[in-house]
1. Could you run through the stretch 1-42 and say how many residues are aliphatic (A, V, I, L, M) and assigned to a loop (DSSP other than H, G, I, E, B)?
2. What's the number of the condition ARG48 fails, among (1) open to solvent by 40 Å² or more (accessible area, probe 1.4 Å); (2) within 18 Å of SER94 (Cβ to Cβ); (3) without any contact (Cβ under 8 Å) to a residue 60 or more places away in the chain?
3. Do any strands (runs of 3 or more DSSP E) lying entirely in the stretch 108-203 carry at least 1 residues that are in contact with a His (Cβ under 9 Å, 6 or more places away or on another chain), open to solvent by 50 Å² or more (accessible area, probe 1.4 Å) and closer than 21 Å to ASN29 by Cα, and which ones are they?
4. Could you please tell me which pairs satisfy a Cβ distance under 9 Å, a separation of 6+ or placement on different chains, a first residue in the stretch 24-42 that is within 11 Å of SER94 (Cα to Cα) and touching a residue at least 24 places away in the same chain (Cβ under 8 Å), and a second residue that is assigned to a strand (DSSP E or B) and basic (Lys, Arg)?
5. How many residues, within the stretch 142-173, are among the aromatic types (Phe, Trp, Tyr) and at pLDDT 90 or above?
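The values are calculated or read from the model by the stated rules, or taken from the named source; none is laboratory data. Because the structure is a prediction, the values reported are computed rather than measured. So basically every Cβ, Gly included, is an ideal-geometry build from the backbone, and we count neighbours across all protein chains shown. Note: areas computed on protein heavy atoms with side chains; ligands, DNA, RNA excluded. Shrake-Rupley method; radii C 1.70, N 1.55, O 1.52, S 1.80 Å.
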Amino acid sequence: MKDFLEETKYLKYPVHNIGSLHITCKNYNVCISQGEEKEIIIRYHNNRFRKMNIAKKDSGIYMKEQMAVTFYEFFRMMELMKDNLLEIEIPPDSCKLDICVETGVSRINVNEIHSQNILLKSSSGQIRIQGAWIGKSLNAHSVSGKVYCLLPGTVSDYDIDCRAERKDKTPPFYPSDPNSERKVILRSNMYVPELDFTGTGNKAEPTQDTSRRKGN
């Protein structure tokens, strides 16, 4: 485990050279928010049992967690969860950026960013999106965690597909615009995804008319 050191990292990347962010981790809680700098800022802490490997390839930044803990060392799992925040700050003018995040048990928070496409997946962590502006698509899916999303504007600004995989969980119907260029897909296997909007006229219809929902 000599390659695993206790260290805090602070990295900067000029946003005009970056077209996409790709994050894959099991234990880091991921927080992506709008920053004040002109660069993409990345902060995280490595320890003796896990570290984040980061590489820039072409126009993408690739972040992948590596663990030193083996199958027989579960008593060290608590060490994996210490100082496990991965913070990423995005400049306000990064509206053409694509973001892809995949986590295991950890949470994903997205706050007040501008992005072209956002893809968020988690096995059991919570996904929380607070005021993200999207140019084309937002796709959030947690297998056994909750999904909450607050979007700017109104329900008619988007083409929305929101569903829970459990048959006893029925999301409300959202009277969205199927012709909208901005697509929103929210999924949770265990919970009903929560969706709200900052603008007026944003109330979903608590209808049981499943024939009006996508996929039926």
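1. Counting residues in the stretch 1-42 that are aliphatic (A, V, I, L, M) and assigned to a loop (DSSP other than H, G, I, E, B) gives 3.
2. (2)
3. Numbers: elements: 108-111, 114-122, 127-130, 133-142, 147-151, 159-164, 183-188, 194-197.
Here the list reads 114-122.
4. Qualifying pairs under 9 Å: GLU39/LYS12; ILE40/LYS12.
5. Residues of the stretch 142-173 among the aromatic types (Phe, Trp, Tyr): 148, 158, 173.
Among the residues that remain, those that are also at pLDDT 90 or above are: 148, 158.
Looking only at that region, the number is 2.
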